[in-house]
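The values are calculated or read from the model by the stated rules, or taken from the named source; none is laboratory data. As the structure is a prediction and not an experimental result, all values here were calculated from the model. Here the Cβ positions follow ideal geometry from the backbone for every residue, glycine too, while neighbour counts run over all protein chains shown. The protein model used for the area step is the full one, side chains on, heavy atoms only, and it has no ligands, DNA or RNA in it. Shrake-Rupley method; radii C 1.70, N 1.55, O 1.52, S 1.80 Å.
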Amino acid sequence: MTGHEIRELFLSFFEKKGHTRVKSASLLPEKDPTLLFVNAGMVPFKDVFLGVEKRPYTRAVSCQKCLRVSGKHNDLDSVGFTSRHHTFFEMLGNFSFGDYFKKEAVEYAWEFVTQWLKIPQDRLFVSVYREDEEAYRLWREHIGLPEERIWKMGEEDNFWQMGETGPCGPCSEIYVDRGPEHELERYLEIWNLVFMQYNRDEKGNLTPLPKPNIDTGMGLERIASVLQGKKTNFETDLLRPIIAFAEELSGVAYGENYEKDSALRVIADHLRALTFAIGDGVLPSNAGRGYILRRILRRAMRYGYKLGLDKPFLYEGVDVVVDVMKQAYPELLQVQSFVKSVIRGEEERFINTLKRGMPYAEEVLSKADGVLSGDLIFALYDTYGFPIDLLEDMARERGIRLDMDGFSREMENQREKARKHFKIETEETKPIYHHLKELGRTTEFVGYTELSVHTEVVALVKDGELVSELKEGERGELFLRQTPFYAERGGQVGDTGTVQTQGGLFFVEDTRWGVEGLITHIGYVAKGVISVGEKAFAHVEEERRRDIQRNHTATHLLHSALREVLGEHVRQAGSLVADQYLRFDFTHFQPMREEEIRKVEEIVNQQVLKNQLVVVEEMDYQSAIKSGAIAIFEEKYGERVRVLSVGDFSKELCGGTHVSKTGDIGYFKIISETSVGAGLRRIVAKTGRWAVEQSFTERRILTETARLLGVSYEDLPIAVQKLMDDVREKEREIVRLKEKLLVGGGVSLKREDVVDVEFYHGVLQEVEPKEMLTLADNLRNRSHRAVVFLLSKRGDRVSFLLAMSKPLIEMLSAKELASVVSKHLGGGGGGRDDLVQGGVNNLDRLEEALKEIKSVIIDRLTEVKT
């Protein structure tokens with residue numbers, strides 16, 4: 001069986017057993033501050049297991065994308081050196097939420113493994129928790145496994161828990177005997193059945209859950225290796241084609257050398273991780289998820305380097321990953337070119353970083369006294385991304401030991417910072433929202449077609465607590481049976497408006513999702529009293545909603561226009577759809593030229609003028625993707641999706657509100673185009689009345705500027721250019737006059753002959769660093785043997801400059817002299833061997849500093865002469 005056939009067989013089998021097939025969630029956990037990435041099949045169902053969320057089904061089956069690269073489940077450093085560890089993998093799982101329990105879980109697993117996968121029964125073994133007699137009897141008496149093929153194990157192996165506290169329970173694992181030829185991995189675990197039947201409190205006490213759950217996990221790559229008769233996961237059809245890509249590129253054959261095989265496995269594994277993580281919207285960076293992704297990419301590059309691949313190569317492998325995985329994940333086709341461009345850009349940056357890091361590595365190793373400290377190793381690793389194994393080789397050649405314990409401490413500090421950074425980014429759901437959903441106080445949204453509706457107040461919340469009424473002037477949250485108010489999602493801001501009851505008037509200032517199915521209206525009582533159970537008339541602020549709709553449809557047109565002008569690599573990477581403007585982030589690796597911005601604006605306005613129908617359809621996710629609809633990075637999609645189309649020009653998945661015809665947008669105007677990070681650009685634009693208002697404002701400013709300069713509107717650019725040229729000339733003249741003053745004796749400097757070196761030094765007043773450099777250049781260029789030490793007082797700050805004639809750097813170093821300055825005067829600086837600039841804390845010990853500088857000059861020149 002191929003990997004794809006196994007995946008589909010598993011999902012189909014459990015569908016036949018009454019399970020709902022649930023599409024894989026994104027690798028980015030939703031509202032979970034404890035995880036950087038989804039690392040197990042149960043993660044998307046965590047709130048269901050905890051009892052704080054309910055789904056419309058009690059049985060589920062999924063094939064979940066997983067990434068294990070951080071925290072407790074961190075397999076990164078093992079990948080490549082074992083037959084089973086991966087960063088990215090797929091987890092097959094069936095789940096019961098208070099429905100069936102151990103008996104059915106064991107029956108289903110046995111039936112699937114023996115009858116559908118056709119693994120011979122005499123090759124199967126199971127393990128159970130030593131105290132779980134129920135599971136033991138099920139396997140022994142109900143299934144009929146011989147006693148010798150049921151292993152009783154301890155808590156470490158066969159008791160599972162979500163965390164230190166919370167749902168937990170015994171588990172039972174299924175093993176396959178692969179035969180004596182497989183020595184170390186003869187008995188391979190293929191499936192883990194977790195029986196979540198207890199809740200563990202802070203004291204470690206176990207209490208039975210009112211409704212126990214089932215959570216199972218089977219690694220797709222692992223079961224594929226068994227069914228395909230492969231020694232490791234890497235030889236399966238899910239990974240072998242990627243290894244073949246690396247073989248062809250490097251000229252290294254797989255299976256002939258352990259070290260080279262490990263490198264090929266690293267590249268294959270990491271390419272999958274990179275493709276899926278970037279495809280889900282993670283970009284390499286120096287914090288949080290992006291930091292982990294950058295580490296994965298650079299690790300793959302390092303192993304490529306060991307195979308002789310010293311130029312960007314990973315990006316080419318994306319095509320192979322997509323080709324292997326597109327059947328199960330067709331959305332990869334949409335992001336293929338973008339993922340390649342991100343990886344290639346990151347590869348090129350790392351190569352340049354490595355070139356910059358090598359001199360620093362050489363420098364710190366040359367100064368190390370037998371041991372290189374952990375903080376310096378970390379600086380090389382973190383700042384330069386310098387490979388530790390390469391540093392180890394360099395240190396070994398010099399007989400230097402690396403302080404890896406110190407390095408590990410620095411790494412742990414970095415991880416802690418990353419965890420804190422990540423937690424700040426994560427928004428947790430208020431418990432009261434889950435409680436309201438359990439009480440059935442859910443909301444039906446009717447705002448796609450209605451802006452006003454007669455409805456009922458089903459709940460009120462004040463300061464996180466349920467209340468029966470809100471009085472005049474009190475702030476709180478209001479919940480309705482039906483609502484026309486759109487809740488903030490997908491970048492579109494929430495609606496505002498009013499809710500009128502017989503007893504009072506509530507001003508809605510914002511509308512948001514509490515949890516799925518529950519919409520909260522945030523605001524205050526402007527008049528009277530609002531009570532639970534009252535009939536209400538909810539009305540959305542119409543003009544504002546129309547403005548928002550114009551901006552939202554315009555983002556779709558903008559997205560398509562950008563792809564047309566800049567290329568298919570452009571993908572939406574974030575947006576804000578407000579009433580007065582829209583903000584659109586997209587993937588592109590350089591600033592847009594003026595003519596490109598104009599062309600995009602022109603294309604969007606052409607679509608506006610065409611006044612095309614905006615068509616909305618509902619369909620299942622897979623059909624929508626196959627039809628060519630674009631999915632957005634930041635969005636989480638269910639099985640059913642809304643597809644918004646504008647003729648043949650634009651087709652995207654979208655749950656927002658839109659105009660019915662493009663002509664309703666009126667007018668589209670780009671305000672700015674800027675950078676928001678590596679490979680990310682941002683456009684701010686306006687539509688409708690706000691775009692017209694912007695044009696009026698710009699016209700008024702230009703007209704007033706033309707009047708002040710005494711020129712016509714058309715001649716304004718020429719006049720401004722002339723004014724700027726005049727200003728630059730005046731600035732140059734000021735610089736020339738200052739230079740004359742400095743060089744021509746307007747500054748009091750002392751010159752001393754130290755051995756045969758001219759040593760200039762002095763304290764200046766209110767002289768800028770740039771002007772100090774001009775003076776120093778003049779002095780050291782007069783002679784081939786000059787050292788210049790200048791200080792400048794500017795307010796309460798003192799800057800310094802140390803420079804020397806270049807022929808002297810064979811004997812002296814400005815960096816060494818600067819360290820003398822820092823020793824006596826504090827502060828510090830940076831630069832080259834012939835020039836260092838920086839700042840000092842005070843001048844109290846200036847004489848001592850001058851004395852030691854002269855002493856160093858004498859010592860170094862004497863050494864050379866000797």
*Some residue of segment 789-799 being in contact (Cβ under 8 Å) with a residue 40 or more places away in the chain and either surrounded by fewer than 14 Cβ atoms within 10 Å (Cβ to Cβ) or in a helix (DSSP H, G or I) (or both)*: yes
*For segment 254-290, what are the residues that are more than 13 Å from residue 243 (Cα to Cα), among the polar types (S, T, N, Q) and touching a residue at least 24 places away in the same chain (Cβ under 8 Å)?*
275, 285
*Inspect segment 308-317 for any residue being assigned to a helix (DSSP H, G or I), modelled with pLDDT of 90 or more and over 30 Å from residue 574 (Cα atoms) and give the result as yes or no.*
no
*Return a yes/no flag: does segment 215-225 have any residue that is in a strand (DSSP E or B), farther than 18 Å from residue 127 by Cα, touching a helix residue (DSSP H, G or I) at 6+ places or on another chain (Cβ under 9 Å) and at pLDDT 90 or above.*
no
*Could you list, in sequence order, all residues of segment 9-50 that are of a type outside the set (Gly, Ala, Ser), over 30 Å from the mean Cα position of the chain (by Cα) and not in a helix (DSSP H, G or I)?*
17, 19, 20
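Quick one: is residue 408 open to solvent by less than 60 Å² (accessible area, probe 1.4 Å) and of a type in the set (S, T, N, Q)? First the steps, then the outcome.
Numbers: open to solvent by less than 60 Å² (accessible area, probe 1.4 Å): no; of a type in the set (S, T, N, Q): yes.
Against the criterion (open to solvent by less than 60 Å² (accessible area, probe 1.4 Å) and of a type in the set (S, T, N, Q)), residue 408 does not qualify.
Taking the options 189, 156, 164, name whichever one is of a type in the set (Asp, Glu), assigned to a strand (DSSP E or B) and modelled with pLDDT under 95.
189
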_Residues to consider are 213, 158; find the one that is touching a Pro at 6+ places or on another chain (Cβ under 8 Å), under 30 Å from residue 269 (Cα atoms) and open to solvent by less than 30 Å² (accessible area, probe 1.4 Å)._
158
*Could you check, for segment 615-637, whether at least one of its residues is in contact (Cβ under 8 Å) with a residue 24 or more places away in the chain, within 25 Å of residue 331 (Cβ to Cβ), open to solvent by less than 20 Å² (accessible area, probe 1.4 Å) and not hydrophobic (A, V, I, L, M, F, W, C)?*
yes
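Among 293, 307, 297, which is the only one that is of a type in the set (A, V, I, L, M, F, W, C), touching a residue at least 24 places away in the same chain (Cβ under 8 Å) and open to solvent by less than 10 Å² (accessible area, probe 1.4 Å)? Break it down stepwise before answering.
On the way: 293 fails: touching a residue at least 24 places away in the same chain (Cβ under 8 Å); 307 fails: open to solvent by less than 10 Å² (accessible area, probe 1.4 Å).
Of 293, 307, 297, the one residue that is of a type in the set (A, V, I, L, M, F, W, C), touching a residue at least 24 places away in the same chain (Cβ under 8 Å) and open to solvent by less than 10 Å² (accessible area, probe 1.4 Å) is 297.
Within the group 802, 817, 812, 779, which residue is in a loop (DSSP other than H, G, I, E, B), free of Cβ contacts under 8 Å to residues at least 60 places away in the same chain, under 27 Å from residue 864 (Cβ atoms) and open to solvent by less than 40 Å² (accessible area, probe 1.4 Å)? If you could, list the steps in order and put the result at the bottom.
On the way: 802 fails: in a loop (DSSP other than H, G, I, E, B); 817 fails: in a loop (DSSP other than H, G, I, E, B); 779 fails: in a loop (DSSP other than H, G, I, E, B).
From the options 802, 817, 812, 779, the qualifying one is 812.
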*Can you pull out the residues in segment 664-693 that are part of a helix (DSSP H, G or I) and surrounded by 18 or more Cβ atoms within 10 Å (Cβ to Cβ)?*
665, 688, 690, 691
*Name the pairs whose Cβ atoms lie under 7 Å apart, with the first residue in segment 640-660 and in contact (Cβ under 8 Å) with a residue 60 or more places away in the chain and more than 17 Å from residue 487 (Cα to Cα), the second open to solvent by less than 40 Å² (accessible area, probe 1.4 Å) and among the aromatic types (Phe, Trp, Tyr), and 6 or more positions between them or separate chains?*
none
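Table: residues versus (1) modelled with pLDDT under 95; (2) in contact with a Cys (Cβ under 9 Å, 6 or more places away or on another chain); (3) among the polar types (S, T, N, Q).
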| site | (1), (2), (3) |
| --- | --- |
| 439 | yes, no, no |
| 484 | no, no, no |
| 498 | no, no, yes |
| 503 | yes, no, no |
| 530 | no, no, no |
_Residue list for segment 368-397, filter: open to solvent by 40 Å² or more (accessible area, probe 1.4 Å), in a helix (DSSP H, G or I) and at pLDDT below 85_ = 382, 383, 390, 392, 393, 396, 397
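Would you confirm, using the coordinates I've provided, whether residue 568 is free of Cβ contacts under 8 Å to residues at least 24 places away in the same chain and at negative phi?
Working: free of Cβ contacts under 8 Å to residues at least 24 places away in the same chain: no; at negative phi: yes.
Here the answer is no, as residue 568 does not meet what is asked.
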*Would you please list the contacts, defined by Cβ atoms under 8 Å and residues six or more apart or on different chains, that run from a residue in segment 332-343 that is without any contact (Cβ under 8 Å) to a residue 12 or more places away in the chain to a residue that is in a helix (DSSP H, G or I)?*
333/322
*Name the pairs whose Cβ atoms lie under 7 Å apart, with the first residue in segment 538-562 and farther than 13 Å from residue 689 by Cα and polar (S, T, N, Q), the second in a helix (DSSP H, G or I) and open to solvent by 10 Å² or more (accessible area, probe 1.4 Å), and 6 or more positions between them or separate chains?*
none
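So for segment 23-39 (the condition being farther than 28 Å from residue 295 by Cβ, modelled with pLDDT of 85 or more and open to solvent by 20 Å² or more (accessible area, probe 1.4 Å)), does at least one residue qualify? Working first, answer last.
From segment 23-39, those farther than 28 Å from residue 295 by Cβ are 23; that's our starting set.
Those still in the list that are modelled with pLDDT of 85 or more too: 23.
After this cut, where a residue has to be open to solvent by 20 Å² or more (accessible area, probe 1.4 Å) as well, the list is 23.
Scanning segment 23-39, I find at least one residue that is farther than 28 Å from residue 295 by Cβ, modelled with pLDDT of 85 or more and open to solvent by 20 Å² or more (accessible area, probe 1.4 Å), so the answer is yes.
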